[in-house]
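As structure tokens, the structure follows; a few thoughts come after it.
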Amino acid sequence: MSRIVSITLQNNDDARPIIEAIEKDNPDATVNLYPAMVKIDCDGRLIVKQETVEGLLGREWDVQELHLSIVSIAGNVDEEDDYFELSWNI
Amino acid sequence: MAEKRKKKLGIKQRYSMLTRGLGWDTTYQPMDKVFPYDNYEGIIIHDWEGWEDPFRLTMDAYWKFQSEKEKKLYAVIDSFAQNNGHLGITDARYVNAIKLFLTGVSPLEYQAARGFTHVGRQFRGVGPRVACQMQAIDELRHVQTQIHSMSHYNKFFDGLHSAPHMHDRVWYLSVPKSFFDDARTAGPFEFLTSISFAFEYVLTNLLFVPFMSGAAFNGDMATVTFGFSAQSDEARHMTLGLEVIKFMLEQDERNIPIVQRWMDKWFWRGTRMLTLVGMMMDYMLPKRVMSWREAWDIYFTEAGGALFADLARYGIKPPKYADIATKEAEHISHQAWNIFYNYTHAAAFHTWIPEKEELDWLSEKYPDTFDKYYRPRLEYLDKEEKAGRRFYNDILPMLCQVCQIPMGFTDMDDPTTISFHSSEYQGNKYHTCSHGCKDIFDYEPEKYVQAWLPVHQIYQGNCGGAEVPDVLKWYNFNLGADNMEYQGSPDQKLWDEWQAHRKKA
Amino acid sequence: MSLEIKTNVIQPRRHTYSHIAKRLGADKPATRYQEGTWDLQPTVNFHYRPTWKPDQELYDKSLTSIQMEDWYTFNDPRQMYYGTYTMARHKMMEAEESHFKFIDKSNMIGLMDADWQQKIKTFLLPLRHFEWGANMNNCDCSDKAYGTAISQVALFAAMDRLGMAQIISRVGLLLDDNTGKSLDQAKVDWLESDLWQGVRKMVEDSFVLDDWFELLVAQNLCMDGVVFPLFYHYFEDAGIRQGGTAMSMLNEFMQDWGKDEKRWLDQLLKVTAAESAENAALLSKWAATWTERAVTAFTPIAKHVLGDEAADVMSSIRAEITKRAKKSGIEI
Ligand SMILES: [Fe+2]
Ligand SMILES: [Fe+2]
Ligand SMILES: [Zn+2]
């Protein structure tokens, strides 16, 4: 049974640190490249942490800035001040 | 004075204070009169406070992020126009996908804007109302940015000049139009199930993601940019779609069968409409990213599989006929292209026979079906065309009473027989293209008998006249330019001229 | 790539969409406002009747008794489409945000007389519910309006009202140190205090109006015609005498917004009244009825804040609405 959660981001400068942060915080994630976009899949759960993105970016980063780069998602969303998480309850 | 310690508010708490607290139960007027439409569908809501906000954007943040997106997008649109970006696309055939998009999809964005405005007033819960209003204005954004992006193409190519007029009249555009009319004329909960859940959550990835990726691959930076920019709103819309489903299912178990029936219906209606997208992907993009079949596997089978496994805890089953739709993914893009190849004299975009390498690509992507059923027919039509006998079908097709697609799809287990169903209602016979469409008709015949079926309307003389050219004029087609075969079209001649100049330079 | 080709071989074949050219009277370049607004809304061949109201079409001219030969006679003088709208609002909000930051840092709220702080809680904070009502009403107008031009200005206004309800709420959070207690109390006042019941009844009655154009007049000309000068001009003046400079800064968004609203609204009323004597008569009737109601409903709050001056203030507000309406061809 597929439990893949997924986030697709534009493949541009703004999104690159986010993509990197996701890879760091979700070691099991698979990164798929398509023309102009990146689809990151992960089993069951995937998290974007503010702290990690800020570290890579070298500035303050509002989690809601994620919405500037997002193309698509699959999973239940939990958005907090310091993280954005996708999950399935399976 | 001692330093006052201020409580820091978390995003959820702050949002709830700034938004959810705004509403009140009216007493000078009864609530049922203020919100007359949110309970006739049979959905039982015990506690509107149980609504989980799918996202928590206050208006200040909304304006900030959205204006930033708009600034970037319009900078790209401006430079695309200034630099004649249309010359950078792979091939002028590509523009036909844009034509179908502007006439078929962009008007849906407008319909979505108005639909979400309606439900954004009609729900009695503050949470869903605000989420719907934000989506309403987002959707207005989508239609306007699409019109602005494609404005440049309209200056150089045919078939893009009259989208709103055509959307209200042209036979194949009644497929998307009736889809949205159907959703908008339903109650507010069904509307959200159809558009936010079935269309945006389950199916929209199939429309936008491969299409925009395809645009990038074909050098169309304007479309990539508006597409991705619109998609960045879509994550919010998708979350709303999933939230409304969970909300209904959690409120009362009597809601479950209603929601299930809506899912079945809108899944089927959605896949029917997306046939047009499948055709765009497999036939209209000169450089292809993935086949319709592959997109279906990634975005429906895989993503949808996890989603419906997640919803199983509420007793929800995957949509009825999902198995048939998956079988269809091997066929429908080819069958749809065949329909449009037949009737391209009555369409505002061109069709053509794919080139040899393109046919080979299709053979590779559809090993079980393409060579067996579709390639020989295309090669035959190609020969006919080269011999000066380009085939056009002059007999108006019969349309499905529900999805309004010409009855050209076959039985999936026997791809040589046209699938054909019918129902009786008040002494009349109504035809449908599939089990899925027949079920939809049978549940609500009083609705679907109202359908404005283009072919019926032509026969009844409501479309400008009895002859095909009269009808096409009524559609506002520039005959010989907007319609007919791509080879020899003004689009093609001009494109070749540009290419010749480019070579000289 | 494109630069290789001389521009003379890539002359445009047309300058705009054909429905736009028709309205412009010629095929010539059009503005983004025009292309993004004109004729966007479907007009014919609807497939099904709404199950929620089977006696109407999805887009239906008969949802108001106002009649227009062409519902695109009105054009937004601000030429706002989504892009220009969000950019304009973001700019206003940026300024407002810096005021919030400054006031928070400098503790300017603490400099206000305690009485005045208390008063703000009773007159300004419950107004967030009025703004929420205005959001619903503009949303309703946008839903039922015919044509994109009017529908979109109403939608922009609806979102703005949510924005202003949130700004007022943030004033509350400044006053109560983020506990939200002042907002809870404001809701109790809105629901129970005698000061507010006239307003609340008026707002709730407006929720059930049938004719969307009457609703638009009631909300945007009459109720707002009272609220914006009363709260953000006269009450502000009263506050300055009591150390309320902070409020003058925070009122800026609303003051600017009130001016902006007049621009499109007065133009809309003008072209609608100019269309026919019947339209003008309807607008006059609605404007008279709802101005009277709005003035009456807000009088107790005016007295609460302004005391004896209230009667004069209310009559000059009424005179101002009458004057504005007259300029648009509407006799109150
Ligand atoms: Fe959209
Ligand atoms: Fe959307
Ligand atoms: Zn069908």
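The values are calculated or read from the model by the stated rules, or taken from the named source; none is laboratory data. What you are looking at is a predicted structure, and each value in this text was computed from that prediction instead of being measured. Please note: Cβ atoms are built from the backbone with ideal geometry, for glycine as well, and neighbour counts cover all protein chains shown. Please note that ligands, DNA and RNA were not included when accessible areas were found on the heavy atoms of the full protein model with its side chains. Shrake-Rupley method; radii C 1.70, N 1.55, O 1.52, S 1.80 Å.
Any idea which residue in the stretch B:199-225 is farthest from the other protein chains (Cβ to nearest Cβ), counting only those that are assigned to a helix (DSSP H, G or I) and of a type in the set (Gly, Ala, Ser)? Can you show your working first?
Filtering the stretch B:199-225 for residues assigned to a helix (DSSP H, G or I) gives B:199-217, B:221-225.
Checking the rest, the ones that are also of a type in the set (Gly, Ala, Ser) come to B:213-216, B:222.
On the way: B:Ser213: 5, B:Gly214: 8, B:Ala215: 8, B:Ala216: 4, B:Ala222: 13 Å.
That would be B:Ala222.
Could you figure out which of (1) away from ligand 1 (no atom under 15 Å from the Cβ); (2) within 14 Å of chain A (Cβ to nearest Cβ); (3) in contact with a Phe, Trp or Tyr (Cβ under 7 Å, 6 or more places away or on another chain); (4) open to solvent by 10 Å² or more (accessible area, probe 1.4 Å) isn't true of B:Arg293?
For B:Arg293, the failing item is (2).
I'd like the full set of residues that are more than 26 Å from B:Asp168 (Cβ to Cβ) and open to solvent by 60 Å² or more (accessible area, probe 1.4 Å), limited to the stretch B:461-500.
B:Gln487, B:Lys493, B:Asp496, B:Glu497 - these are the residues of the stretch B:461-500 that are more than 26 Å from B:Asp168 (Cβ to Cβ) and open to solvent by 60 Å² or more (accessible area, probe 1.4 Å).
Return the only residue of C:Asp160, C:Asp104, C:Asp140 being out of contact with any strand residue (DSSP E or B) (no Cβ under 8 Å at 6 or more places or on another chain), in contact (Cβ under 8 Å) with a residue 40 or more places away in the chain and within 30 Å of C:Val44 (Cα to Cα).
Within the list C:Asp160, C:Asp104, C:Asp140, the selection yields C:Asp140.
Hey, could you check the stretch C:37-62 for residues that are more than 9 Å from chain B (Cβ to nearest Cβ) and among the acidic types (Asp, Glu) and say which is least open to solvent (accessible area, probe 1.4 Å)?
So, considering only residues that are more than 9 Å from chain B (Cβ to nearest Cβ) and among the acidic types (Asp, Glu), the one least open to solvent (accessible area, probe 1.4 Å) is C:Asp60.
So in the stretch C:171-192, with the set limited to residues that are touching a residue at least 40 places away in the same chain (Cβ under 8 Å) and open to solvent by 30 Å² or more (accessible area, probe 1.4 Å), which one is nearest to C:Ile332 (Cα to Cα)?
Top of the filtered list is C:Lys187.
Would you mind listing the helices (runs of 4 or more DSSP H) fully within the stretch B:1-87 where at least 3 residues are among the charged types (D, E, K, R) and more than 22 Å from C:Asn178 (Cα to Cα)?
So the answer is B:59-82.
Looking for whichever is over 30 Å from C:Val208 (Cβ atoms) and surrounded by fewer than 17 Cβ atoms within 10 Å (Cβ to Cβ) here; the options are B:Lys64, B:Lys33, B:Lys12. Which one fits? Lay out the reasoning, then the answer.
On the way: B:Lys64 fails: surrounded by fewer than 17 Cβ atoms within 10 Å (Cβ to Cβ); B:Lys33 fails: over 30 Å from C:Val208 (Cβ atoms).
From the options B:Lys64, B:Lys33, B:Lys12, the qualifying one is B:Lys12.
Confirm whether B:Phe228 is more than 13 Å from ligand 2 (Cβ to nearest atom), open to solvent by less than 10 Å² (accessible area, probe 1.4 Å) and at the interface with chain A (Cβ under 10 Å from one of its Cβ atoms).
So B:Phe228 passes the test.
For the stretch B:140-156, does any single residue satisfy the condition of being open to solvent by less than 10 Å² (accessible area, probe 1.4 Å), facing another protein chain (nearest Cβ under 7 Å) and among the basic types (Lys, Arg)?
Yes, the conditions are met somewhere in the stretch B:140-156.
Taking the conditions exactly as written (buried (at least 16 other Cβ atoms within 10 Å of the Cβ), under 24 Å from B:Thr185 (Cα atoms), among the aliphatic types (A, V, I, L, M) and under 28 Å from the mean Cα position of the chain (by Cα)), does B:Ile458 satisfy them or not?
For B:Ile458, the condition - buried (at least 16 other Cβ atoms within 10 Å of the Cβ), under 24 Å from B:Thr185 (Cα atoms), among the aliphatic types (A, V, I, L, M) and under 28 Å from the mean Cα position of the chain (by Cα) - is not met.
Kindly provide the set of residues from the stretch B:312-329 that are over 14 Å from B:Arg269 (Cβ atoms) and open to solvent by 50 Å² or more (accessible area, probe 1.4 Å), ordered by number.
The answer is B:Ala312, B:Arg313, B:Lys317, B:Pro318, B:Asp323, B:Lys327.
Taking B:Asp60 as meeting all but one of (1) of a type in the set (D, E, K, R); (2) under 30 Å from B:Arg14 (Cα atoms); (3) within 16 Å of ligand 2 (Cβ to nearest atom), write down the number of the exception.
(3)
Of the residues B:Ser178, B:Ser194, which is assigned to a helix (DSSP H, G or I), at pLDDT 90 or above and within 13 Å of ligand 2 (Cβ to nearest atom)?
B:Ser194
Name the single residue, out of those in the stretch B:88-124 being within 23 Å of B:Leu22 (Cα to Cα) and outside any helix (DSSP H, G or I), that is farthest from ligand 2 (Cβ to nearest atom).
B:Arg124
At the interface with chain A (Cβ under 10 Å from one of its Cβ atoms) and within 16 Å of ligand 2 (Cβ to nearest atom): does that describe B:Thr239?
Yes, satisfied.
Is it the case that some residue within the stretch B:255-263 is open to solvent by less than 10 Å² (accessible area, probe 1.4 Å) and within 14 Å of chain A (Cβ to nearest Cβ)?
No: zero hits.
A quick yes/no check of all residues on (1) open to solvent by less than 10 Å² (accessible area, probe 1.4 Å); (2) of a type outside the set (Val, Ile, Thr); (3) more than 30 Å from B:Ile11 (Cβ to Cβ); (4) at the interface with chain B (Cβ under 7 Å from one of its Cβ atoms):
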residue: C:Asn138; (1), (2), (3), (4): yes, yes, no, no
residue: C:Gly198; (1), (2), (3), (4): no, yes, yes, no
residue: C:Ser206; (1), (2), (3), (4): yes, yes, yes, no
residue: C:Asp224; (1), (2), (3), (4): yes, yes, yes, no
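Within the stretch B:420-438, is there a residue that is farther than 23 Å from B:Leu453 by Cα, more than 16 Å from ligand 3 (Cβ to nearest atom) and open to solvent by 10 Å² or more (accessible area, probe 1.4 Å)?
No, the stretch B:420-438 has no match at all.
Residue check: is A:Val63 open to solvent by less than 10 Å² (accessible area, probe 1.4 Å), touching a helix residue (DSSP H, G or I) at 6+ places or on another chain (Cβ under 7 Å) and either polar (S, T, N, Q) or free of Cβ contacts under 8 Å to residues at least 40 places away in the same chain (or both)?
When the stated conditions are applied, A:Val63 passes them.
Looking at this structure, is B:Ser151 closer than 27 Å to B:Trp452 by Cα, more than 14 Å from ligand 2 (Cβ to nearest atom) and modelled with pLDDT of 95 or more? Even if it seems obvious, please write down each step before you answer.
Details: closer than 27 Å to B:Trp452 by Cα: no; more than 14 Å from ligand 2 (Cβ to nearest atom): yes; modelled with pLDDT of 95 or more: yes.
No; evaluated as a whole, the condition is false for this residue.
So which residues in the stretch C:93-116 are assigned to a helix (DSSP H, G or I) and farther than 24 Å from C:Trp257 by Cβ, if there are any at all?
Quick first cut of the stretch C:93-116, residues assigned to a helix (DSSP H, G or I) only: C:93-106, C:108-111, C:114-116.
Matches in the stretch C:93-116: C:Lys105, C:Ser106, C:Gly110, C:Leu111, C:Ala114, C:Asp115.
With respect to B:Asp264, determine if the residue is touching a Lys or Arg at 6+ places or on another chain (Cβ under 8 Å), in contact (Cβ under 8 Å) with a residue 60 or more places away in the chain and within 16 Å of ligand 2 (Cβ to nearest atom).
no
I'm checking my understanding of the structure. Among residues of the stretch B:82-121 that are under 30 Å from B:His46 (Cβ atoms) and more than 8 Å from every other protein chain (Cβ to nearest Cβ), which one is nearest to ligand 1 (Cβ to nearest atom)?
B:Ala112
Would you be able to say whether some residue in the stretch B:274-281 is hydrophobic (A, V, I, L, M, F, W, C), in contact (Cβ under 8 Å) with a residue 60 or more places away in the chain and under 22 Å from A:Ser2 (Cα atoms)?
no
Quick check, is B:Phe35 more than 16 Å from ligand 3 (Cβ to nearest atom), more than 7 Å from every other protein chain (Cβ to nearest Cβ) and modelled with pLDDT of 95 or more?
Numbers: more than 16 Å from ligand 3 (Cβ to nearest atom): yes; more than 7 Å from every other protein chain (Cβ to nearest Cβ): yes; modelled with pLDDT of 95 or more: yes.
Spelling it out, B:Phe35 is indeed more than 16 Å from ligand 3 (Cβ to nearest atom), more than 7 Å from every other protein chain (Cβ to nearest Cβ) and modelled with pLDDT of 95 or more.
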